[in-house]
1. Evaluate E = 1/(1 + (r/R0)^6) for D348 and K580, where r is the Cβ-Cβ distance and R0 equals 41 Å; express this FRET efficiency to the nearest 0.05.
2. Set the bar at 23 Å for Cα to Cα. Now go through K269/K406; K524/K644; K269/K580; K375/K590 and name every pair that lies beyond it.
3. Between N273 and R626, what is 0.36 nm times their sequence separation minus the Cα-Cα distance? Round to one decimal in nm.
4. Treat every Asp and Glu Cβ in region 235-276 as -1 and every Lys and Arg Cβ as +1, leave all other atoms uncharged, and give the resulting dipole magnitude about the Cα centre to the nearest 20 debye.
5. Note down the net charge around P207, summing +1 for each Lys or Arg and -1 for each Asp or Glu among other residues with Cβ under 9 Å from its Cβ.
6. So which of K126/K209; K100/K154; K333/K453 end up more than 20 Å apart, counting from Cα to Cα?
7. Output the peptides 473-482, 513-522 sorted from most to least packed, where packing is the average of other Cβ atoms within 10 Å over each peptide's residues.
8. Going 7 Å from the Cα of N511 along its beta-carbon direction, which residues of region 211-230 have the amide nitrogen within less than 20 Å of the resulting point?
Amino acid sequence: MNKYNKYILQTIEALLLSVLVASCSLDDVEQSLPLPPGQYPLDLTVSVEGMKSRALGKDSWTEGDEIGVRIGSDANLGRYTLNSDGSVNIDKSANLLHWKNTSSATVKAWYPSEPKTDVSIADQAKLSDLSSIDFLAATAENQSYKKAVGLTFKHQMAKVKCMLKSADTDEISSKELANATVTFNGCTVASFVEGELTGNYFGDISPIKSGNTYEALLVPADMRGKELFRINLKVRGYDKSFSYIPDDDYADLKPGTSYVFNVTLRRDKLVVNAISASWDGESEEISAESIPLNLYLPKEFFDLLDSGQLEISEHAKPSTELDREDITPEDDKYLVDGNTFTISLTLDDDGENFIKGFNVIEGVASVNRVRLEDKHVFTFKANTESVRLEYGDYMQVGDYLYTNGKWRPDIVGLDLSGNDDDDGEGESGNKNPSYGYGYDDGEEWKCIGVIFKVGPGNGDTVENYDGRLETIHGYAVALHDAAAPDSIGNWGGCLDDGVRDAEAAIGLYYNFTDLYNGYTNTQKMLPIANDKKDKYDRFGEELAYWAFYKLNDYNETVEVPEYFSPWYLPSIGQLSDLYKFTGRRERLLKAGGEDFILSDVGIFPFGGPRFDLAGSKYWSSTQQTRDTVWVFRFQTGKPDKVTKLGVTPGSRYSLSRVRAVLTF
């Protein structure tokens, strides 16, 4: 072989060797190689974001604190015990984890290690500190067996603090301020499982009080347009209540974030300075109220003002000399001294503008309408620098709904002054309404329900209503149960697996849900109930699918306008809101209706005072499993789960009541 050919062969060998080496190196990077079992333990370092600033929370690790740890999607769950300085005590730890291969993975950890389900966080005032509900989680991505994993725990709750002071002790004394109460709104039940935090049952939360400072931990939530807290106190012997709706900068409560609200109280209003901060202190401040308030008004406002039908608070003044013929969005502004103002609207004799009013379409403001003789007076409390109003259909929770498709805050046929001492003995109208209806004027105004929710409910849209609705104004509850008060029954009645599968296909909700899907649930259940009743009537004609047959009867008895939904079985979320409806009993009785049954104690059929077959339980349209349905107990104010099938061995107490609702 000559030198040239030998050189060529050596070159080819070198190239092949380099390719082989490169290939092996690539495999080392991309391929996951198994590691010897038990030889590569997970090494941890632990820290907590903002640990030193955790007011009323877990301000330090305690000897023996245990964290849960998981490597990637591995089925093994580790439990590591910490010393008081945050270091890991290997000797006392259980279920130590080991790396199984060379692949990188995400390591997750959480504290406390044990699952916490349905923990009540409503009464935090009874806690000495908030460490028991201060949940922590940590995530470290792209970790491997080659080095220790650093875990930085972050707070999963949002911290809120309300600090009160009086603008003038001549208006609100120090003693009156000290006796004030602050109530936060949020999820009253929290669950924390493997670092995932969820909340349920929106309601009142009582905070820890220290002097005039009130502090609580809340499940993170978007509070835009919702009351975050309210303040109640007595001023000169009179009850006062103030509510605060946060603006967009401070409404979306984030985990690991502290929100401080410095509240200055006057006799007729509050001023709030909101501070948003990371848990360990970096903050910025903004005023949640700006004086004067920029109030933008629609053309109809000025038309009504010129006609003498409308008045506005004296402290609200036009920003410029307004041209009535050419009102534009840029120059229709009033300036309001303060954040509260009223608009009074004189009512027409024929009641055509009873359903009209002013709605907030930009900015954040609460609004309340009251009836004073021949006027509706709208009181606004703004929480943003600017508010824009729109004139149109207006309603409030508690308004009465009528067969003519209209609503108003009073009962036609009774004393139209709206006085609180209205005893129902007006000069005209029907004083003995038939079942399903309320009082009426003997002509077009016949009451059929009370509005308990304004605007679309959670998850509900007009597309769900088969073209009957053009928009969702709100929801109304029937004046009576869909059966006599002593009439109770079951939800289902079918034991056939195929039918039960069809029922389950409508949707199962193992945990409580606040969805407003009662109409959809009912419309899907009615064909099943109507078709299967005769075939699976095990317990008598009055029991099989009793809830849906009583609903059918109620729809035939109490007619509604064609542009309303028919009466339907409410979802468990709708029943929950009905329980929270302040003034429900008063409004239903005033209309000639009946409140929900509120007691679980009755007369058992076989004698003796016992829990009766239904008590205060009302059926929802929300299924929990193939065999159970959500009910709401109006005595306790809590949802519950019972069997569908009624009187069967071991399930005697599943019989319940029906109260229908509609969407309009």
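The values are calculated or read from the model by the stated rules, or taken from the named source; none is laboratory data. Since the model is a prediction, treat every value here as computed from it, not as a measurement. Every residue, glycine as well, gets a Cβ built from its backbone with ideal geometry; the counts of neighbours run over all protein chains shown. Ligands, DNA and RNA are stripped out before the accessible areas are found, and what is left, the full protein with its side chains, is counted by its heavy atoms. Shrake-Rupley method; radii C 1.70, N 1.55, O 1.52, S 1.80 Å.
1. On the way: r = 33 Å, r/R0 = 0.82.
Rounded to the nearest 0.05, the efficiency is 0.75.
2. Values: K269/K406 34 Å; K524/K644 16 Å; K269/K580 26 Å; K375/K590 21 Å.
Checking Cα-Cα distances, K269/K406; K269/K580 exceed 23 Å.
3. Numbers: separation 353, 0.36 × 353 = 127.08 nm, distance 5.08 nm.
Gain in length upon complete extension: 122.0 nm.
4. Numbers: 6 positive and 6 negative charges, 75 e Å.
The calculation lands at about 360 debye.
5. On the way: positive: K161, K209; negative: E215.
Net charge in that neighbourhood comes out at +1.
6. Values: K126/K209 10 Å; K100/K154 27 Å; K333/K453 31 Å.
The pairs that break the limit, which is 20 Å between Cα atoms, are K100/K154; K333/K453.
7. Values: 473-482: 24.3, 513-522: 22.1.
Descending packing order for the listed peptides: 473-482, 513-522.
8. Backbone N within reach: 217-223.
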